[in-house]
Each structure stands twice: as structure tokens, then as C-alpha cells.
Amino acid sequence: LRPQLDRFLFPATIMGIVLIQLSWASGELWLLEPTLGHSLGFIGCFILIFSGLMFVINSYRKPIRGANYWISGSYFLAHALIVSSIIF
């Protein structure tokens with residue numbers, strides 16, 4: 001895990017910071033104006049964080065059976081919810 005951690009640490013840190021900032025901004029927007037579109041964006045951000053965590057756990061800790069389908073599906077669902085928040 002140590003050699004992989006050195007290559008993975010900087011991109012994972014940047015991705016984590018961006019995901020936290022994205023969910024923070026969407027949560028603030030949802031709290032200021034609680035509409036359906038803002039709630040869809042907020043839920044999409046949390047599903048995106050969940051998808052990223054599943055990817056990291058599956059890749060670097062313990063492989064989960066059928067995880068590629070769950071990761072891809074949740075990633076697609078998160079982006080679909082974030083984009084649909086613009087429509088509503």
C-alpha cells in the first residue's frame with residue numbers, strides 16, 4: 001500500500017477537498033432556498049462522495065464483489081442528479 005499511497009495521496013486529497021467544498025456550497029444553497037432543484041443537487045453531491053469512497057475502498061483496501069457496477073451506477077446517478085438540479 002505504501003508505494004500506491006505516494007502516487008495517490010495528492011490527487012485523492014484534492015478530490016476530497018473539492019467534493020467537500022461542492023457539498024458545502026450545495027448545502028448552503030439548499031438551506032437558503034429549499035427547492036426541489038437545490039435538494040437534488042445536494043443529494044447528488046453526497047452520492048458522489050459515497051461513490052468516491054467506494055472506489056477508494058474497493059481499489060486499495062478490500063475488493064467488494066460487484067463494486068464496479070455500484071461505483072459506476074452511483075457515479076452516473078450523482079451526476080444525473082447534479083445536472084437535473086439545473087433543470088428544476
Looking across the range 27-38 at residues that are touching a residue at least 40 places away in the same chain (Cβ under 8 Å) and within 19 Å of LEU77 (Cα to Cα), the single one that is surrounded by the most Cβ atoms within 10 Å (Cβ to Cβ) is HIS38
Looking across the range 39-53 at residues that are in contact (Cβ under 8 Å) with a residue 12 or more places away in the chain and open to solvent by 70 Å² or more (accessible area, probe 1.4 Å), the single one that is nearest to ALA67 (Cα to Cα) is PHE50
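Among the candidates ASN58, ASN68, which residue alone is among the polar types (S, T, N, Q) and open to solvent by 100 Å² or more (accessible area, probe 1.4 Å)?
On the way: ASN58 fails: open to solvent by 100 Å² or more (accessible area, probe 1.4 Å).
Checking each option against the conditions leaves just ASN68.
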Within the range 1-28, the residues that are in contact with a Phe, Trp or Tyr (Cβ under 8 Å, 6 or more places away or on another chain), modelled with pLDDT of 90 or more and of a type outside the set (S, T, N, Q) are GLY27
Scanning the range 52-77 residue by residue, those modelled with pLDDT of 90 or more and not hydrophobic (A, V, I, L, M, F, W, C) turn out to be TYR69, SER72, GLY73, SER74, TYR75
Within the range 70-86, the count of residues that are over 18 Å from LEU29 (Cβ atoms) and over 11 Å from the mean Cα position of the chain (by Cα) comes to 4
If we keep only residues of the range 71-88 that are of a type in the set (A, V, I, L, M, F, W, C) and open to solvent by less than 40 Å² (accessible area, probe 1.4 Å), then the residue nearest to LEU9 (Cα to Cα) is ILE71
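The values are calculated or read from the model by the stated rules, or taken from the named source; none is laboratory data. On a predicted model such as this, the values are computed, not experimentally measured, just so you know. As a convention, Cβ positions derive from the backbone with ideal geometry for all residues, glycine included, and neighbour counts pool all protein chains shown. Side chains included, ligands, DNA and RNA excluded: accessible areas come from the protein's heavy atoms. Shrake-Rupley method; radii C 1.70, N 1.55, O 1.52, S 1.80 Å.
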